[in-house]
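A.B. asks: Questions regarding the structure given below will be posed in turn.
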Amino acid sequence: TTRLIRFDVHDTSWFALDVRMHVWRATFLWLSFASLLLFGSTSTVGPARNMRLKPCPSSPNCVSSEADESDKEHYVAPLTYTGMTTVQVVKQLRDVVGKMSRSKLVEEKDLELHYTFTTLVFRFVDDVDLVVVPDDAPSESTVDAKAIDARANAPTTSGTVQVRSASRVGYSDLGTNRRRVEDIRKRWNEATRATHASKM
């Protein structure tokens with residue numbers, strides 16, 4: 001049985017982790033279950049709004065590109081793009097993240113994508129939010145739905161994709177969310193290089 005579990009874990013495209021780490025994460029999550037009943041979830045579920053991400057909780061089970069860069073526990077760099085329209089960026093994000101194991105697109109609105117990821121063994125659900133932010137995007141206070149809709153079909157040359165990955169339950173994720181974002185980044189960079197190469 002142990003051999004089968006280890007094979008399944010290593011067979012996934014983004015979760016190259018020894019089964020012992022998986023068990024450790026489950027232990028952290030189950031030990032924190034009682035506190036969750038009293039204090040609720042550590043992660044806010046749902047897509048980002050106004051082209052900005054919800055802040056991470058204080059617990060080490062969330063990473064965000066909009067966390068303070070000095071916060072080494074929660075900060076992760078955003079994805080970047082150049083020479084693409086926002087429509088192309090959103091489509092490529094769907095292609096990249098949609099091919100990842102146990103990912104599910106829950107909601108897409110304007111330049112925002114909200115995914116859930118379900119862990120292999122214990123079926124825990126994590127949330128991933130991606131927000132396309134062109135370099136010429138207005139400040140948060142001036143963004144409205146009409147402005148986003150108009151920009152979605154307008155050409156742009158560069159920008160960022162703000163990203164947040166967070167566990168719904170538990171305290172520590174043992175680095176799972178950071179590894180997930182870095183896997184998305186690797187796949188994104190490979191896809192954008194291929195896109196640019198096809199245009200040459």
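A.B. asks: State the extension gain, in nm to one decimal, for the chain segment bounded by T80 and D135, taking 0.36 nm per residue of separation less the distance between their alpha-carbons.
C.D. replies: Working: separation 55, 0.36 × 55 = 19.80 nm, distance 1.02 nm.
Computed gain between T80 and D135 is 18.8 nm.
A.B. asks: Take the residue pairs K54/K99; K91/K199; K72/K186; K104/K199; K54/K104; K109/K186 and return only those whose Cα atoms are more than 22 Å apart. Numbers along the way, then the final one.
C.D. replies: Details: K54/K99 25 Å; K91/K199 17 Å; K72/K186 20 Å; K104/K199 30 Å; K54/K104 20 Å; K109/K186 24 Å.
Over 22 Å Cα-Cα: K54/K99; K104/K199; K109/K186.
Computed from the coordinates by the stated procedures, all read-outs in this text should not be read as laboratory data. What you see is a predicted model, and the numbers here were worked out from it, not measured in a lab.
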